[in-house]
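Have a look at the structure below, then the notes.
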Amino acid sequence: MAQHSADIVPWCRIRYHVGVSNAKKILAGMRRNARNWRIEDLEVVARRFGVDIDGQGGTSHVTFRHPKAGRTTVPEHIPIKPWYVRDFVEFISKLEDPDHD
């Protein structure tokens, strides 16, 4: 029996993040190479640091908010452009190091 692509996508996303669910490894990878990341990767890291994730329906962007770091907005396009990933890493760095400028 053939599966519809809608049935496969959630399973693939769950399976993908079982193998790379370590947020520190994902963040280290983003610091090494800002290319070819998905919004799910950013969400895993954001949850690890207690960041609020606001993916409003009807929009193609996700906003990450935290009282200490402010906010950053990232489009959901795959793959995410490197400058958005670098901006997200800078945002998370503010949470790792409270003295960060």
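The values are calculated or read from the model by the stated rules, or taken from the named source; none is laboratory data. Note that the structure is predicted; figures quoted are calculated from it, not measured. Virtual Cβ from ideal backbone geometry, glycine too; neighbours counted across all protein chains shown.
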Closer than 19 Å to Lys24 by Cα and in contact with a helix residue (DSSP H, G or I) (Cβ under 8 Å, 6 or more places away or on another chain): does that describe Arg47? yes
Whether any residue in region 41-60 is within 13 Å of Ile80 (Cβ to Cβ), among the polar types (S, T, N, Q) and either at pLDDT below 90 or in contact with an Asp or Glu (Cβ under 7 Å, 6 or more places away or on another chain) (or both) is what I want to check.
yes
Given (1) assigned to a helix (DSSP H, G or I); (2) surrounded by fewer than 16 Cβ atoms within 10 Å (Cβ to Cβ); (3) charged (D, E, K, R); (4) modelled with pLDDT of 55 or more, Arg35 misses just (1)
Scanning region 50-77 residue by residue, those in a loop (DSSP other than H, G, I, E, B) and crowded, with 18+ Cβ neighbours inside 10 Å turn out to be Val51, Ala69
